[in-house]
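The values are calculated or read from the model by the stated rules, or taken from the named source; none is laboratory data. Quick caveat: nothing in here was measured; it's all calculated off a predicted structure. Using ideal geometry, Cβ is built from the backbone for each residue, glycine included, and neighbour counts are taken over all protein chains shown. Just so you know, the surface numbers come from the protein's heavy atoms only, side chains and all, with ligands and any DNA or RNA stripped out. Shrake-Rupley method; radii C 1.70, N 1.55, O 1.52, S 1.80 Å.
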Protein chains: 2
Amino acid sequence: MRFQAKVQVWLRPGIADPEGHTVSEAINALGYSGVSTVRMGKIISMIVEAESKESATAKVSEIASTLLSNPVLEDALIQIEEA
Amino acid sequence: MRFQAKVQVWLRPGIADPEGHTVSEAINALGYSGVSTVRMGKIISMIVEAESKESATAKVSEIASTLLSNPVLEDALIQIEEA
């Protein structure tokens, strides 16, 4: 079976996000009001071949923690659906 | 009203994604099989104060196309929900 997986990688809450801070300042400098708490993350999509949704999820979560994120600083959020 | 907005920024289909290609090769080099079509994107979350969901969506889509993405190369996908 083929699955479409998306992995969101976010800095953990409490970890400083200078990129998000800069974007937040730029948004205000451009004159938009009422925008706050800007956080930047990465998102990775991939197609995964696996026997079941469970085995696809296991594979993707292993890839997410070994390759796509730094578990000390970042959280990985996995979404999987049939492709 | 407060809204939680997430903007996904993806390279348009057909635009080369060297970062995704590199991750794809690394995944295979680590011994995972059956993973393909790796694409890398950015995701930005923010809190938006607005009168209605429509005005929040309008504001975020303007920010997304002027500041968060390059509309020539990238597509921005907006998700908004009440915070």
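Counting Lys +1, Arg +1, Asp -1, Glu -1, what net charge surrounds B:Gln4 among other residues with beta carbon under 15 Å of its beta carbon?
Charge balance in the 15 Å sphere: +2.
Give me the inter-chain shielding for B:67-78: mean count of other chain Cβ atoms within 10 Å, whole number please.
1
Could you pull out every one of the lysines with an alpha carbon less than 21 Å from that of A:Lys53, ignoring same-chain neighbours closer than 8 positions?
Partners found: A:Lys6.
Using the Cα centre of segment B:26-78 as origin and beta-carbon charges of +1 (Lys, Arg) and -1 (Asp, Glu), tell me which of B:Val35, B:Ser61, B:Ala76 is placed farthest towards the positive end of the dipole.
Ranked along the dipole, the leading option is B:Val35.
With +1 on the Cβ of every Lys and Arg and -1 on the Cβ of every Asp and Glu, and nothing else charged, how large is the dipole of the protein assembly as shown about its Cα centre, in debye rounded to the nearest 20?
Magnitude of the dipole: close to 40 debye.
Please give, to one decimal in nm, the separation of the simple spin-label points placed at A:Thr37 and A:Asp75, each 7 Å out from Cα toward the Cβ.
1.2 nm
Measuring nothing but label to label, 7 Å from Cα along Cα→Cβ, what are A:Leu67's distances to the other copies in nm, shortest first?
3.4
What is segment B:2-82's relative contact order, in percent, from Cα pairs under 8 angstrom and six or more apart in sequence?
Contact order relative to length: 52 percent.
Enter the mean number of other protein chain beta carbons within 10 Å of the beta carbon of each residue in B:46-55, as an integer.
Neighbouring Cβ atoms belonging to other protein chains average 3 per residue here.
Quick check: the distance between the Cα centres of segment A:31-83 and segment B:19-83, to the nearest angstrom?
Each part reduced to its Cα centre gives a spacing of 12 Å.
Determine the sum of side-chain charges near B:Glu19: Lys and Arg each +1, Asp and Glu each -1, restricted to other residues whose C-beta is under 10 angstrom from that of B:Glu19.
Taking every other residue near B:Glu19 into account, the sum is +1.
Which residue of chain B is nearest the rotation axis onto chain A, counting by its Cβ, and what is the distance in whole Å?
B:Ile43, 2
Total accessible area buried between chains B and A, 1.4 Å probe, in Å² to the nearest 100?
2700 Å²
Can you give the mean number of other chain Cβ atoms that lie within 10 Å of the Cβ atoms in peptide A:29-41?
Per residue, the number of nearby Cβ atoms from other chains is 6 on average.
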